[in-house]
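Before any comments, here is the structure.
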Amino acid sequence: MRSSLRRARRTRPAAAGLVSALLLTGCSNVWEGAGGEPAATPIQDVFLQPLGAHGPDPFTASTVRNTAPPAAPDRPPGEDAQQVREVSGSTPGLYGGTRAIGSCDVERQVALLTGDRTKARAFAEASGIPETNLADWLRGLTPVALRADTRVTDHGYREGRANAFQAVLQTGTAVLVDQYGSPRVRCACGNPLRSPAADRGGVHQGDQWDGFDPDRVITVRPAGSVVPGLVIVNTTDRSWIERRTGTDGDEDRTPDVPPACDPDTCALSGTGTPDPTAPDPTAPDRGTTSDPASPAPVPPDPARPATPLPDAPDPSGTGGTGTDPTAPLPPAPDPYTEPAPDPYTDPGTVPDPFAEPPSEPPAVPDGTPPTDELFPAGPLPDRPETFQG
């Protein structure tokens, strides 16, 4: 009995040490939310990932195409530093790219991942997708480049598993984004990406690049609905490009309605760009008196006669225009204002039932009298005075 208790006591520190090690490594595979939002995890160090670096334990070789990386947008002068903030994945100017050229070779990425069954399983598990749907899922992503230093949850591949760590990707990093505008693959290493941990703290590790500012790092919030296309900035001439979701740049076009802002400051000025799919709480309610586009109703002037309404039906049925339905109707005639004539005081108004009939037969109305064939000319036989019984 005592030896069993001793063995149990010896195993408790080992179990506690294993739990602590798992928490420190951040290897949790519990994910939730659309667009790749992770569950809350303990505070972790944040690894800086320069533009072309593979990073620790890459999944694949680089699939980045040789395109010019977009420059970071200019900050308005006098803008105060601010903490990590969110920007919606559908925000115009959040990403950049070269017209008609995707920043990543998607087909090569598919081949590198699906060619290794163990690696494909680890990638699919970290991305939260079925392994059998991996190739189609990758082909449905959109290749673009970041236009701001962006914090994400990165995953390295080690010992057949995906190991999560917090990272900041440098401006210009080539990524594949999903239908909600969220970065999902880092093309320089093939690593799956998810939204950063709920706790945005941590110590930055690694070499800082020129212009890095922890207070200028952003996070991408998945859009509230599927984004049919991204409005990105052309790296060659700073113009606007609309890139359809899931295309490789071959369907790039100029937006029908370009954003009403400069490409250099459209996405990242101010305190963050709200989700355009969400209603604006500051917008006035249409149809109320507070809306300048909806004037308040004017009360009718009693001194002004009602005018006919052009589209109102004619209640009389004569085909004329109707009258204002709000106008008062004329009063009904009083049946007691004109009493019936009295036959004893005004005998001319009522015929006398005892008067002699007229000597001339009344004229046959409406036509000529009947012919003689209908009435024989001869004398009629006498009618008997009595009936024989």
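Taking all Cα pairs closer than 8 Å and separated by 6 or more residues, the relative contact order of region 183-266 comes to 16 percent.
Our estimate of slack between THR254 and ARG200, defined as 0.36 nm per intervening residue step minus the Cα-Cα distance, is 15.8 nm.
None of the figures in this text is laboratory data; all of them are computed from the coordinates on show. Remember, predicted model here, so these are calculated numbers, not experimental data.
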